[in-house]
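Peer 1: Have a look at the structure that comes next, please.
The values are calculated or read from the model by the stated rules, or taken from the named source; none is laboratory data. Quantities reported herein were computed from a predicted structural model and do not represent experimental measurements. Note that we place each Cβ from the backbone using ideal geometry, even for glycine, and neighbour counts take in every protein chain shown. The protein model used for the area step is the full one, side chains on, heavy atoms only, and it has no ligands, DNA or RNA in it. Shrake-Rupley method; radii C 1.70, N 1.55, O 1.52, S 1.80 Å.
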Amino acid sequence: MKARWQPVAILTAVLFIVNAIARFLVWQGGADSERSQTRIGLVAMAVVAVVLVGAGYWWARRHPVPRVLADLAVAAILGDLLSVVVGPFAGGSVPFKEGAAFVYSEIWHYLGLAAIGVALGIMVAIAAGQDWKSQALKRYAETARSKPRRVVRR
């Protein structure tokens, strides 16, 4: 049980930490203009996407795709909820200060970006032939070729 959920918890923590650092930088880093705040937010979301591409690739090499999707969905949803509920405290604010519409749009943007990142990571693993299924088929083909032919006597 621990072997399955510990990587999910670590990924959730990484996703939350990226968001918390971005909020802290906006709060303490002197990002007073809206343009610099937007730039920091976009960089943070790009980092989240890159982390999820890497996680999708790494998970797809080791596990079947349904498990990859389930594990990474749990990590992305928990990371999103932590970023929305706890993340504002890292930025010197409180949750739902900007209103419910802003929070809902933040949730959907985060989950959409997470889905794109995970899908891209899985597709890269499949295209490279390094996903779980391709590796299993490769091992099967190697064992099938390594067996000597049977000689049939008549």
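Peer 1: Whole number please: convex hull volume per residue of the Cα set in segment 14-154, in Å³?
Peer 2: 111 Å³
Peer 1: For the chain, modelled as a GNM with alpha-carbon contacts under 10 angstrom, which of A144, A125, A136 fluctuates the most?
Peer 2: A144
Peer 1: Let me ask another. Might you tell me the accessible area per residue for segment 104-154, computed with a 1.4 Å probe and given in Å²?
Peer 2: 85 Å²
Peer 1: Further, regarding this structure: Arrange the peptides 10-20, 50-60 so that the one whose residues have, on average, the most other Cβ atoms within 10 Å appears first.
Peer 2: Descending mean neighbour count gives 50-60, 10-20.
Peer 1: Related question: About the Cα centre of segment 81-154, what is the dipole size in debye to 20, counting +1 per Lys and Arg Cβ and -1 per Asp and Glu Cβ, all else neutral?
Peer 2: 1420 debye
Peer 1: Per DSSP H run of at least 4 residues, take -39500 (n - 2.57); add these up for the chain, divide by its residues and hand me the 222 nm value, nearest 500 deg cm²/dmol.
Peer 2: About -28000 deg cm²/dmol.
Peer 1: For the chain, with all protein chains present and a 1.4 Å probe, just round the carbon and sulfur fraction of the accessible area to a whole percent.
Peer 2: 67 percent
Peer 1: Could you tell me which of S36, N19, G79 has its Cα farthest along the dipole of the chain towards the positive end, charges placed at Cβ (Lys, Arg +1; Asp, Glu -1), taken about the Cα centre?
Peer 2: Toward the positive end, the furthest listed residue is G79.
Peer 1: Only helices at least 27 Å long along their own axis, judged from Cα atoms, and with Kyte-Doolittle mean hydropathy of -0.5 or greater: name those in the chain from DSSP H.
Peer 2: Those that clear 27 Å and a mean of -0.5 are 2-28, 34-62, 65-85, 100-127.
Peer 1: In addition: Take A136 and V86, extend 7 Å from each Cα along the Cα→Cβ direction, and tell me the distance between the two endpoints in nm.
Peer 2: So the label points at A136 and V86 sit 3.5 nm apart.
Peer 1: Something else now. Pick out, from G54, I107, S134, the residue whose Cα sits farthest towards the positive end of the charge dipole of the chain, with +1 on the Cβ of Lys and Arg and -1 on the Cβ of Asp and Glu.
Peer 2: S134
Peer 1: Placing +1 on the Cβ of each Lys and Arg and -1 on the Cβ of each Asp and Glu in the chain, which of M123, I10, T143 has its Cα farthest towards the positive end of the resulting dipole?
Peer 2: The residue sitting farthest along the positive end of the dipole is T143.
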